[in-house]
Every structure is written in C-alpha cells, then in structure tokens.
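A quick write-up on the structure given underneath.
No lab work stands behind these numbers, since they all come straight from the coordinates. Not measured: the values here are computed from a predicted model. In this analysis, Cβ positions are derived from the backbone assuming ideal geometry, glycine residues included, and neighbour counts consider all displayed protein chains.
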Amino acid sequence: MQWAAGSLGRAETPPKGKLLCGLIYHGCLELEPVLGRLEQSWGAIEFISQRIPFTLTRYYEKEMGRPLYRKFLTFREPVEQGSLVRLKVEAAAIEAEFLSPERGRRVNIDPGVLTPERLVLATTKRAAHRPYVSDGIYADLTLVYERGGYRPLPWTYPDYAGEAFLAMANGLRERHRLESRWKGPCT
C-alpha cells in the first residue's frame, strides 16, 4: 500500500505477537498427539498451563461430552498480528484430525495473538464487538493492557477474565518484555 505525499498517516507493519492458544478437550483424549500436531504446524511450544476443569459453560458438552478440561499454550516463535485467519483455519484442520466418529470434536483449539497492548482471539462466532476479518473469521478483542496489567472487557469469556488467567497473561507479558522481544509504547 502506498500513501500520497502529505497524507495523515503511514501504513506500518505492527510488531509480532505471541501465539497463545486455548484448548478445550475431552478428558479421554490423549493430548500428546494434539500437542505434537500443533508443534508441527506452529513450532515449539514454549509454555503449557496446568489442566483446568472446564465448567464455566456447558456449550461444548453436547458435541464433546464430559468431563472437559482446558489448557493454555504459547509458542516460541512470534507471529504476525495479521495471521489470525490463517491460524484459525489451521486450528480447524487440526481439530478435524482428532474427530470422534461418535460425537464430533474432541478438542477445540482457539488461537490468539498476545501483544504488549492486547489479546485478540480468532473466532467463528459473530457478535457486535467482533470485527469480521475474512474467510468466516472474526477478531475478538479479549484483553487490553492498562494500569499495569491486562484487563478483561465486558464480553471477555469468563475463563480469560479470571484472576488465574490474568496472572498467567501478565507473567507471559513480563517474561517477553524482559527478553526484549516486545518493545513499544506499553512496555
């Protein structure tokens, strides 16, 4: 994109972010093959949270059954902020590799990009606060960084708004800031 001389702004490529992925999975699913497949697509996993019982909604139970669990992952290599659509399409393809013949999905993979300023998740669910990006994918602004920490918004999913997740996200932000991977106005 080229801008005319004297234009008000100049298009710039934003800095890369940290690929953060939320998994929701059935308790009987062997998770190691899923993690291996994610690493095959997105590179080395850098961080894996503890297994957390997923009880905040029953939305996935009809398709996936019970018990359900959640884990959060980050990957070593930074990603372009504009890669949300590609990441969500790849996540759907990986989910399809682990389908149960009886029920359907056994794992739900939600990629997002964590930056010093925000966490944006990729979703296929339309809502007023989710701008459409392309290919059936919407961007969900989930957290913003202000007053020394990430803060949830009125629509943030409860598990991303909880104290444990916010502490984890703030810890990841500080880790990457100290490694000098992230520089900018919000450091």
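Assorted remarks:
- Mean separation of Cα contacts under 8 Å, 6 or more apart, over the residue count of region 27-111: relative contact order %: 31 percent
- Coupling constants for region 96-109 follow from the phi torsions by the Karplus curve (6.51 cos²θ - 1.76 cosθ + 1.60, θ = phi - 60°), and in residue order they are 5, 5, 10, 5, 8, x, 7, 10, x, 5, 10, 9, 10, 10 Hz; glycine and proline get x.
- Size of charge dipole - region 19-178 - debye, nearest 20, with Cβ of Lys, Arg +1 and Asp, Glu -1, no other charges: 400 debye
- Neighbour counts of other Cβ atoms within 10 Å put ASP135, ASP159 in the fewest-to-most order ASP135, ASP159.
- Nonlocal amide H pairs with ARG105, under 5 Å, H built at 1.01 Å: SER100
- Computed from backbone phi with θ = phi - 60° and the Karplus coefficients 6.51, -1.76 and 1.60, the 3J(HN,Hα) list for region 117-132 is 9, 6, 10, 10, 9, 9, 8, 9, 8, 7, 7, 4, 8, 10, x, 6 Hz; x is used for glycine and proline.
- Residues LYS16, LYS125, sorted so that the one with the fewest Cβ neighbours within 10 Å comes first: LYS125, LYS16
- Bridgeable aspartates and glutamates around LYS18 (alpha carbons under 15 Å apart, same-chain partners fewer than 8 residues away excluded): GLU39, GLU46, GLU77, GLU80, ASP110, GLU117, GLU174, GLU179.
- FRET efficiency, ARG76 to ALA128 (Cβ-Cβ, R0 25 Å, nearest 0.05): 0.10
- Among the listed options (i) 61, 32, 26; (ii) 51, 35, 29; (iii) 61, 33, 33, the one matching Cα extents along the principal axes in Å as calculated from these coordinates is (iii).
- Value at 222 nm in deg cm²/dmol, rounded to 500, when DSSP H runs of n ≥ 4 in the chain each add -39,500 (n - 2.57): -8000 deg cm²/dmol
- Nonlocal amide H pairs with VAL133, under 5 Å, H built at 1.01 Å: TYR138, ALA139
- Ranked GLU39, GLU117, criterion: other C-beta atoms within 10 Å, fewest first: GLU39, GLU117
- Note on LEU178 and ARG58: their simple-model spin labels are 4.4 nm apart, each label 7 Å out from Cα toward Cβ.
- Mean separation of Cα contacts under 8 Å (6+ apart) over length of the chain, as relative contact order %: 20 percent
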